[in-house]
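Data first, discussion second: the structure below is written as structure tokens.
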Amino acid sequence: MLAPVYVYNIPIYIDTLTKARAFIKNGHILHPSIPTKNITAVADLGTGTGIWLEDVAKCLPNNLVYLHGFDISSAQYPSGSEIPRPGHNPIPLSVHDALHPFPTEHHGRYDLVHIRLLTAGLKYKDYATVLENARELLMPNGYLQWEEVDHTAFCTNSVPENPAITRLRQSVIGAMLKLGLWPFAPQRVHDQVSAGGFRDIQRVTYTAVGNKGIRGISQKWVAGVMRALVPASMVVTGEAGNEGQAKEVVERLVEEFDDHCLGARVLVNFGVTVGRRCD
């Protein structure tokens, strides 16, 4: 079941449960450099359904850890904007745009802030803004983990490359640039964290190669990005007369892509950057 994920008002269709868990490697939903023993409060930006918070709660030794999710829209939130947890306090979910400062009651409250998959809604300059606002949430020496997809690395294991895949990748990159978005997200995140008052910085790239968890969502993710970004770009540039025409073109590309993937595996890279706040 695919659900719409509204990332800065752009709907990205993806299996949200798998999305949250796709970065688990060797049993870790958190990067191994993050010490979990003393974590008391966790904030999740771009939380969607809040499934990542539920998963990370199971990985933390402190059963009394405070968890809080933030997203620009409550479209995926359960009723009451909180996640019930039998035997524990429910997890609150708040509507907030990470491009704006968070309420002061959240400043310095968290020793872990997690961000994921905002690339479809962030312009080049926005990464620094989101990072600055996220940093304000952290306690001194608190940890940040930020995960993004590399939109320039869409390909399959087919050699030579199918022309449909080449056109698809070029369309995604071109659409993002025309819309003022930034397709090179993992590198941008790493650069900003490195320059933004953090130390003990770690960077790792998870790929669909040999990773069934990521491979399972890659095809859905690529098709979702195409449907979300390319039609608007085609209308703006005049490549299509209206949104309906643009969607027809994109659907043909997606169909070619899906047909090709019957005999090939999608290879997509996800970058994770971790840093510790320094003051």
Going through region 157-189 in order, the residues found to be under 16 Å from the mean Cα position of the chain (by Cα) and of a type in the set (S, T, N, Q) are Q187
Of the listed residues (V56, V5), the one being touching a strand residue (DSSP E or B) at 6+ places or on another chain (Cβ under 8 Å) and modelled with pLDDT under 50 is V5
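Does region 70-94 hold any residues that are touching a helix residue (DSSP H, G or I) at 6+ places or on another chain (Cβ under 9 Å) and closer than 15 Å to V130 by Cα, and which are they? First the steps, then the outcome.
Residues of region 70-94 that are touching a helix residue (DSSP H, G or I) at 6+ places or on another chain (Cβ under 9 Å), as a first pass: 70, 72, 74, 76, 83, 85, 88, 90-94.
Of everything in region 70-94, those that are touching a helix residue (DSSP H, G or I) at 6+ places or on another chain (Cβ under 9 Å) and closer than 15 Å to V130 by Cα turn out to be F70, I72.
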Checked region 168-182 for anything surrounded by 14 or more Cβ atoms within 10 Å (Cβ to Cβ) and touching a residue at least 40 places away in the same chain (Cβ under 8 Å); matches are L168, S171, V172, G174, A175, M176, K178, L179, L181, W182
Going through region 243-264 in order, the residues found to be of a type in the set (D, E, K, R) and surrounded by fewer than 15 Cβ atoms within 10 Å (Cβ to Cβ) are E243, E248, E251, R252, E255, D258, D259
Worksheet item: Could you say whether any residue in region 8-24 is within 18 Å of E147 (Cβ to Cβ), open to solvent by 40 Å² or more (accessible area, probe 1.4 Å) and at pLDDT 90 or above?
Response: no
Listed by first then second residue, the pairs whose first member lies in region 183-210 and is modelled with pLDDT under 95, whose partner is loosely packed, with under 14 Cβ neighbours inside 10 Å and assigned to a strand (DSSP E or B), with beta carbons under 9 Å and at least 6 positions apart or on separate chains, are P186/T205
Can you find a residue in region 216-235 that is open to solvent by 50 Å² or more (accessible area, probe 1.4 Å), under 23 Å from K178 (Cβ atoms), in contact with a Lys or Arg (Cβ under 8 Å, 6 or more places away or on another chain) and of a type outside the set (G, A, S)?
-> yes
Yes or no: region 190-201 includes at least one residue that is open to solvent by 30 Å² or more (accessible area, probe 1.4 Å), over 18 Å from the mean Cα position of the chain (by Cα) and either more than 30 Å from D111 (Cα to Cα) or among the aromatic types (F, W, Y) (or both).
no
Of those in region 43-68 that are over 14 Å from the mean Cα position of the chain (by Cα) and either assigned to a strand (DSSP E or B) or among the polar types (S, T, N, Q) (or both), the residue farthest from G108 (Cα to Cα) is N63
Selection from region 95-125 of residues among the β-branched types (V, I, T) and either assigned to a helix (DSSP H, G or I) or at pLDDT below 95 (or both) yields T104, T119
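Pull up region 69-90, narrow it to residues that are in a loop (DSSP other than H, G, I, E, B), without any contact (Cβ under 8 Å) to a residue 40 or more places away in the chain and in contact with a strand residue (DSSP E or B) (Cβ under 9 Å, 6 or more places away or on another chain), then point me to the one that is surrounded by the fewest Cβ atoms within 10 Å (Cβ to Cβ).
S74
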Exception for L93 within (1) more than 23 Å from F198 (Cα to Cα); (2) buried (at least 22 other Cβ atoms within 10 Å of the Cβ); (3) free of Cβ contacts under 8 Å to residues at least 40 places away in the same chain falls at (3)
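The values are calculated or read from the model by the stated rules, or taken from the named source; none is laboratory data. No experiment lies behind these values; they were computed from the predicted model shown. Glycine also receives a Cβ, built like all others from the backbone with ideal geometry; neighbour counts cover every protein chain displayed. Heads up: the accessible areas ignore ligands, DNA and RNA and are worked out on the full protein's heavy atoms, side chains in. Shrake-Rupley method; radii C 1.70, N 1.55, O 1.52, S 1.80 Å.
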